[in-house]
Each structure stands twice: as C-alpha cells, then as structure tokens.
C-alpha cells in the first residue's frame with residue numbers, strides 16, 4: 001500500500017499588478033506549506049510573497065495543482 005501521496009494542491013500568490021505574475025507552492029488542502037521541504041530559493045520566495053500580501057500580491061488562494 002502506498003501511503004505517500006502528493007498533496008495535489010498549491011498555494012497561489014497572484015500579482016496585484018501583472019496578471020501573468022505570481023508564485024505557487026505545494027500545500028495541503030488547508031493551504032499549509034511545508035516550508036522545510038522547499039528549496040532555499042523557493043523558501044525565500046514564499047517568505048517574500050507572504051510579506052508583501054496587499055502590496056504586491058493578493059491574498060493567497062488554495063487550488064488544485066496541475067499535473068504535468
């Protein structure tokens with residue numbers, strides 16, 4: 001039995017000024033990001049996006065992750 005399942009969700013930070021710009025991070029259904037599993041660059045981007053909510057990015061939204 002396979003107990004390791006990908007989250008299937010992402011926490012998306014959408015730019016307030018550029019519709020095509022944003023950040024997305026893997027998360028659970030409640031929007032919790034496992035910051036320890038992120039690369040250093042992704043961790044810094046995540047912390048930055050959280051810091052500038054309302055100034056550069058909209059409130060983040062949880063959505064189903066697209067599988068590639």
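Each residue, residue 45 and residue 59, gets one label point 7 Å from its Cα in the Cβ direction; the gap between the two is 2.4 nm.
Evaluating kT/(6 pi eta Rh) at 20 °C and 1.002 mPa s, with the Kirkwood radius of the chain over Cα pairs in the Stokes-Einstein relation, gives 170 µm² s⁻¹.
Name the most mobile residue of 40, 19, 56, meaning the one with the largest mean-square fluctuation, in a Gaussian network model of the chain with Cα contacts below 10 Å. Per the Cα network of the chain with a 10 Å cutoff, 19 tops the list. Which stretch or stretches of region 42-58 have amide N atoms under 19 Å from the point lying 7 Å from residue 15's Cα along the Cα→Cβ direction? Answer for region 42-58: 42, 44-58.
Considering helices alone, the calculated mean residue ellipticity of the chain at 222 nm is -5500 deg cm²/dmol, with DSSP H runs of length four and up weighted by -39500 (n - 2.57) and normalised per residue.
Readers should treat all values here as calculations from the given coordinates under stated rules, not as data from a laboratory. Owing to the predicted nature of the structure, the values given are computational and were not obtained by experimental measurement. For neighbour counting, all protein chains shown are included, and Cβ atoms are generated from backbone atoms with ideal geometry for every residue, glycine included.
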